[in-house]
Amino acid sequence: MASSSLAKSITKFRPCFSLSGHSSTPLPSSSSSFSSAAVVSSTPDTNSSSLSQPQQKQRESRLSKWLLFLPGALTFGLGTWQIFRRQEKIAMLDYRRKRLLMEPVNINNLLSLEDKLDDLEFRRVICKGVFDEKKSIYVGPRSRSISGVTENGHYVITPLMPVPGLPDSVQSPVLVNRGWAPRTWKEKALEVNQQGSEQSSHTVPSLVQEGERSSWWKFWSKKTESLENEITPITPVEVIGVIRTSEKPSIFVPANDPDSRQWFYVDVPAIARSSGLPEDTFYVEDINENVNPSDPYPIPKDVNTLIRSSVMPQDHLNYTLTWYSLSAAVTFMAFKRLRQKTSRR
């Protein structure tokens, strides 16, 4: 009886022990619920990341495909641009050729068209006057091939001055590019000009000293003889040339230095200012073919050089074929690369 009553009392107090005791049975259920919730909550993130990665790969593959064809498109565009450049060059050379076939006119008839100087370029003109050698300007260095030997030199630009009393003479000064001369010719010309200026400066003092030493009539006779020797008849020069404008130098050509008289390219307004002439002075390139064999320098320009260019139409055609062939080769390589990628997959 005692044992049965003890068993009943234990069964009565068992719920109390289960509620108040530190039992671990309910904890696993709560932890399992939390872990399951975490798993459930993490499953959408993994699904979203798994969906975004293929999209990124597709975008990258598309971009890589376009980049493979980009060099072919660029080279194709360059080849097409060379075709347009060829057409422009053909039109430009035809324009020059037609202008040079026209009969030369007196430059005095074109003075009223100074505002349209660009329209007058490559027009053949006739100029008559006297060269002012002391104001010559040398543009260079410019090389020239003579019998297979390249020699350095300069272009000689000299003002052509009017001749009083000559009806066909130029009415205003004209800058004339007389042609090419070697460097040694330039040095000799500068020495002659310096000696001439020194002799002219010492002429009057020598005459005064002669007058002081001799009698009046003797001095007068010597003075008149010296004046007769100094006065030389003016012989006008006829220049057949072509109206031109200033050159457009490349980025590799140095800038002109008028103070030190160093000219690397033709700048007509600057050369005119340096020579004491108006900036709108006409600039003419001599193309006269009648050259004196005993004194050939400066050598006038050849007319055929005026209808030439550094890049001729045939060169543009060669460039076009080169760019198109390069475009075809690069595009073929791009297709081949894409086929390799698809076969690997």
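Show the residue pairs meeting these rules: Cβ distance below 6 Å; 6+ apart or different chains; first residue within region 267-283 and at negative phi and without any contact (Cβ under 8 Å) to a residue 60 or more places away in the chain; second residue surrounded by fewer than 16 Cβ atoms within 10 Å (Cβ to Cβ) and among the acidic types (Asp, Glu).
PRO269/GLU279
Kindly establish whether ARG96 is touching a residue at least 12 places away in the same chain (Cβ under 8 Å), over 30 Å from SER327 (Cα atoms) and touching a Phe, Trp or Tyr at 6+ places or on another chain (Cβ under 9 Å). Before you say what the answer is, go through the steps one by one.
Values: touching a residue at least 12 places away in the same chain (Cβ under 8 Å): yes; over 30 Å from SER327 (Cα atoms): yes; touching a Phe, Trp or Tyr at 6+ places or on another chain (Cβ under 9 Å): yes.
Taking the combined requirement at face value, the residue satisfies it.
Would you pick out the residues in region 290-307 that are modelled with pLDDT under 90 and in contact with a helix residue (DSSP H, G or I) (Cβ under 8 Å, 6 or more places away or on another chain)?
Residues satisfying the conditions are TYR297, VAL303, LEU306, ILE307.
Give all pairs with beta carbons closer than 6 Å in which a residue from region 150-172 that is without any contact (Cβ under 8 Å) to a residue 12 or more places away in the chain meets a residue that is of a type outside the set (D, E, K, R); count only pairs at least 6 apart in sequence or on separate chains.
THR150/SER143
Are there any pairs, at least 6 apart or on different chains, whose C-beta atoms fall under 6 Å, with the first in region 292-321 and over 25 Å from ARG99 (Cβ atoms) and the second surrounded by 13 or more Cβ atoms within 10 Å (Cβ to Cβ), and if so, which?
TYR297/ALA181; TYR297/TRP185; TYR319/GLN82; THR320/GLY79; THR320/GLN82; THR320/ILE83
Got at least one residue in region 56-67 being at pLDDT 75 or above and either loosely packed, with under 11 Cβ neighbours inside 10 Å or not in a helix (DSSP H, G or I) (or both)?
Here is the first cut: in region 56-67, the ones at pLDDT 75 or above are 67.
So of that shortlist, the ones also either loosely packed, with under 11 Cβ neighbours inside 10 Å or not in a helix (DSSP H, G or I) (or both) come out as 67.
Yes, region 56-67 contains at least one residue that is at pLDDT 75 or above and either loosely packed, with under 11 Cβ neighbours inside 10 Å or not in a helix (DSSP H, G or I) (or both).
Restricting region 252-310 to residues that are of a type in the set (Gly, Ala, Ser) and in a loop (DSSP other than H, G, I, E, B), which is nearest to ARG123 (Cα to Cα)? Break it down stepwise before answering.
Residues of region 252-310 that are of a type in the set (Gly, Ala, Ser), as a first pass: 255, 260, 270, 272, 274-276, 294, 309-310.
Those left that are additionally in a loop (DSSP other than H, G, I, E, B): 255, 275-276, 294, 309-310.
On the way: ALA255: 28, SER275: 24, GLY276: 25, SER294: 30, SER309: 18, SER310: 21 Å.
Going through the qualifying residues, I end up with SER309.
For TYR297, are the conditions met, namely being more than 30 Å from ILE90 (Cβ to Cβ) and surrounded by 16 or more Cβ atoms within 10 Å (Cβ to Cβ)? Walk me through it before giving the result.
Details: more than 30 Å from ILE90 (Cβ to Cβ): yes; surrounded by 16 or more Cβ atoms within 10 Å (Cβ to Cβ): yes.
Considered against the rule, which asks whether it is more than 30 Å from ILE90 (Cβ to Cβ) and surrounded by 16 or more Cβ atoms within 10 Å (Cβ to Cβ), TYR297 comes out as yes.
Please list, ordered by residue number, the strands (runs of 3 or more DSSP E) wholly in region 71-181 having 1 or more residues that are surrounded by fewer than 19 Cβ atoms within 10 Å (Cβ to Cβ) and touching a His at 6+ places or on another chain (Cβ under 8 Å). Talk me through it step by step, then tell me what you get.
On the way: elements: 124-131, 137-146, 149-161.
In region 71-181, the matching strands (runs of 3 or more DSSP E) lie at 137-146.
Among the residues of region 98-118, is there at least one that is out of contact with any Ser or Thr (no Cβ under 8 Å at 6 or more places or on another chain), of a type in the set (Ser, Thr, Tyr) and either under 30 Å from ALA329 (Cβ atoms) or assigned by TED's automatic domain parsing to the domain that holds VAL266 (or both)? Steps first, please.
Residues of region 98-118 that are out of contact with any Ser or Thr (no Cβ under 8 Å at 6 or more places or on another chain), as a first pass: 98-110, 112-116.
Keeping just the survivors that are of a type in the set (Ser, Thr, Tyr) gives 112.
Then drop every residue that is not either under 30 Å from ALA329 (Cβ atoms) or assigned by TED's automatic domain parsing to the domain that holds VAL266 (or both), which leaves 112.
There is at least one residue in region 98-118 that is out of contact with any Ser or Thr (no Cβ under 8 Å at 6 or more places or on another chain), of a type in the set (Ser, Thr, Tyr) and either under 30 Å from ALA329 (Cβ atoms) or assigned by TED's automatic domain parsing to the domain that holds VAL266 (or both).
The values are calculated or read from the model by the stated rules, or taken from the named source; none is laboratory data. Every value quoted in this text rests on a predicted model; they were computed, and no experiment measured them. Every residue, glycine as well, gets a Cβ built from its backbone with ideal geometry; the counts of neighbours run over all protein chains shown.
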